[in-house]
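The values are calculated or read from the model by the stated rules, or taken from the named source; none is laboratory data. Everything numeric in this text was worked out from a predicted model, so none of it was measured. Here the Cβ positions follow ideal geometry from the backbone for every residue, glycine too, while neighbour counts run over all protein chains shown. Ligands, DNA and RNA are stripped out before the accessible areas are found, and what is left, the full protein with its side chains, is counted by its heavy atoms. Shrake-Rupley method; radii C 1.70, N 1.55, O 1.52, S 1.80 Å.
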Amino acid sequence: MDEAVDLFSRTRAWFEEARQVDYYAAERSQGPTILEDALLNHLRPQNQDVLDLGCGAGRLAVPLALLGNRVRGVDISAPLVENARKFAMENGADGAVFDVVTSPELKLEPASFDLALSVKHFCYVPGRRLRRRMLRAVSRALRPQGRLLLVSHVVPSETEALEALREDTLHKAATDMFNRLDPLDTFSEGKGYVHWFTRESLLNELSEFGSVDYLVASADNLQLGMILAPHNKAGRETRG
C-alpha cells in the first residue's frame with residue numbers, strides 16, 4: 001500500500017475514535033479562539049462561499065453560516081461530519097453543508113470559494129507532497145480575490161522537537177513502520193499522523209501557495225495564524 005494512503009487511513013481511524021469526536025464536540029462551546037477571532041475579524045466574511053478544511057464538529061463552520069455565509073465543511077472523520085450536520089440542524093444553520101473526504105487527494109471545483117479555512121488541519125495532511133497538492137487544489141478552488149485562512153500549532157525549534165521525539169517510545173514504534181517519513185513527522189499517541197512545524201518551516205511550505213497578508217501568533221507563540229493571498233493564476237499553473 002502507498003505510504004500516504006496508509007498514513008491517511010491511520011489518521012482517519014484516530015479522528016473516528018469516540019473520545020476524539022467527544023472532544024471536538026465539546027470544544028464547540030468555546031467558539032473561535034482569540035487568535036482565530038483576530039483573523040476572522042480582519043476578513044469579516046459575509047455572504048461568501050467558504051470552504052472549511054478539517055471542519056471537525058462544525059465549531060467554525062456553523063457560526064460562519066449563521067452570519068450569512070455558505071459554508072462547505074469537509075473532514076476525514078465520518079462521525080465528526082455527522083456530528084457537525086446535527087449541530088448545524090439544531091442551530092438552524094441551513095447554509096452549512098458537510099462532506100466526508102475519502103481520499104488523500106482533495107477534489108474541488110475551480111473558482112468556487114471566496115475563502116478557505118485550514119484551522120489546525122494542515123499538519124495532519126500526510127507528507128509534504130500531499131500538502132503541496134492540497135495547497136494547489138485550494139488555490140485553484142479560490143476565486144480571484146479569495147484568501148486562505150490558516151492556523152497551525154508550531155514548535156519552538158527543530159532541535160528541541162527532535163530531542164523530544166527521540167525520547168518518545170510511541171513515536172519510535174509508529175515511525176519504524178514507514179520508510180519515507182520526514183524528520184518531524186510523528187503520530188498522535190502513536191496513532192494518527194501529524195507533522196510538527198516550526199514557524200520557519202510552516203512559512204516555507206506555505207510560500208509555495210502565496211504571500212502572507214496578515215500574520216498573528218498566540219500569546220504563548222505555540223500557534224501561528226495567517227491570511228494568505230494565492231499567487232496569480234498564471235504562476236499557480238506553472239509551478240512544479
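Coordinate range of the alpha-carbon atoms in region 46-132 per principal axis, descending: 38, 29, 20 Å.
With 10 Å bins beginning at zero, the pair-distance distribution over Cα atoms of region 85-146 amounts to 19, 43, 32, 6 %. Taking the convex hull of the alpha carbon positions in region 16-92 and averaging its projected area over all directions gives 4.8 nm². On the chain, 51 percent of the accessible area sits on carbon and sulfur atoms, based on a 1.4 Å probe. Hull volume per residue, based on the alpha-carbon atoms of region 1-160 and their convex hull, is 129 Å³. Extending 7 Å from Cα along the Cβ direction at residue 200 and again at residue 215 yields two label points whose distance is 1.3 nm.
Surface exposure of region 1-160, expressed per residue as accessible area with a 1.4 Å probe, stands at 46 Å². Of the whole protein surface, residue 200 contributes about 120 Å² of accessible area at a 1.4 Å probe radius. Extents of region 83-232, taken as max minus min of Cα coordinates on every principal axis and listed largest first, are 47, 35, 32 Å. Per-residue accessible area (protein heavy atoms, 1.4 Å probe) orders 105, 90, 36 as 90, 105, 36, starting from the largest. Summary value for the chain: 20 percent relative contact order, contacts being C-alpha pairs under 8 angstrom separated by 6+ residues. Multiplying the residue separation of residue 222 and residue 111 by 0.36 nm and removing their Cα-Cα distance gives an extension gain of 36.7 nm.
Under a straight-distance cross-link criterion of Cα-Cα below 18 Å, which aspartates and glutamates are reachable from residue 191, leaving out those fewer than 8 residues away in the same chain? Straight-line reach from residue 191, under 18 Å: 2, 3, 6, 16, 17, 22, 75, 167, 168, 176, 182.
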